[in-house]
Amino acid sequence: MNIVNKWTLSLRKRNKNFLFDGDDQLFKSAVKTAKVYAEYGVGKSSIWVLQNTTAKILAVDTSEHWINHVRTEANAADRFDVDWVDLGAIGWAGRPNNFERRSQFKEYIQSLWSRSAEPDLVLVDGRFRVACFLYSLAKAKPGCTILFDDYTN
């Protein structure tokens, strides 16, 4: 990444409406028409969707503390349906420190698709991204959009 790109990215991150290193305008445009938005991993995108749309939100995350923080930040209403999947001790960004609770990995991957509402937009931005993307691809109805964030790391 050259110095101009780094500087531009730095300026964008200071903007409270900035969501992603990539093209967050694509996400914002897609989510504006979503009726049921689902996301693997909660955070700034969850708050933005709650504050800027009327979509029902289905979400899953590995950090109960982070979920509570997002709920507080967003004044989360009843349209924010988030599951915490306990994967044991976690590190930065909810990454499991070990595989002791690997039997729960499947619960995380399947969580968004085990609820009564069916998403019409899915953001894959949490743990187990490839598995979550493939599971979403298998479960999604025709017309559902699946967005994949941070696919290079």
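The values are calculated or read from the model by the stated rules, or taken from the named source; none is laboratory data. Just so it is clear, the model here is predicted, and its values are computed rather than measured. Cβ placement follows ideal geometry from the backbone for every residue including glycine, while neighbour counts extend to all protein chains displayed.
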Checklist outcome for this item: Considering residues that are modelled with pLDDT of 95 or more and touching a helix residue (DSSP H, G or I) at 6+ places or on another chain (Cβ under 7 Å), the number found within the range 137-153 is 3
Checklist entry - What number of residues within the range 36-48 satisfy the criterion of being at pLDDT 95 or above and over 8 Å from the mean Cα position of the chain (by Cα)? => result 2
Next on the checklist: Among the residues of the range 138-147, are any in contact with a Phe, Trp or Tyr (Cβ under 8 Å, 6 or more places away or on another chain), more than 21 Å from residue 24 (Cα to Cα) and in contact (Cβ under 8 Å) with a residue 12 or more places away in the chain?
Outcome noted: yes
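Does residue 72 meet the test of being among the polar types (S, T, N, Q) and in contact with a helix residue (DSSP H, G or I) (Cβ under 6 Å, 6 or more places away or on another chain)?
no
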Item to check | Whichever residue in the range 31-55 is under 18 Å from residue 129 (Cβ atoms) and among the small types (Gly, Ala, Ser) and, among such residues, is surrounded by the most Cβ atoms within 10 Å (Cβ to Cβ) | outcome: 38
Checklist entry - For residue 36, are the conditions met, namely being under 20 Å from residue 145 (Cβ atoms) and not acidic (Asp, Glu)? => result yes
Checklist outcome for this item: Within the range 74-98, the residues that are modelled with pLDDT under 95, closer than 22 Å to residue 58 by Cα and aromatic (Phe, Trp, Tyr) are 80
Checklist entry - So, in the range 56-89, of the ones that are of a type in the set (Asp, Glu) and closer than 28 Å to residue 101 by Cβ, which residue ends up surrounded by the most Cβ atoms within 10 Å (Cβ to Cβ)? => result 61
Checklist entry - Just to be sure, is residue 137 of a type outside the set (Phe, Trp, Tyr) and not in a strand (DSSP E or B)? => result yes
Checklist entry - What residue, among those in the range 1-33 that are among the aliphatic types (A, V, I, L, M) and out of contact with any Ser or Thr (no Cβ under 7 Å at 6 or more places or on another chain), is modelled with the highest pLDDT? => result 26
Checklist entry - For residues in the range 116-151 being surrounded by 15 or more Cβ atoms within 10 Å (Cβ to Cβ) and of a type in the set (D, E, K, R), which is farthest from residue 89 (Cα to Cα)? => result 120
Checklist entry - Out of 120, 78, 83, which single residue is in contact with a Ser or Thr (Cβ under 9 Å, 6 or more places away or on another chain) and farther than 19 Å from residue 147 by Cα? => result 83
Item to check | Which listed residue is farther than 15 Å from residue 63 by Cα, of a type in the set (Val, Ile, Thr) and not in a helix (DSSP H, G or I), from 130, 122 | outcome: 122
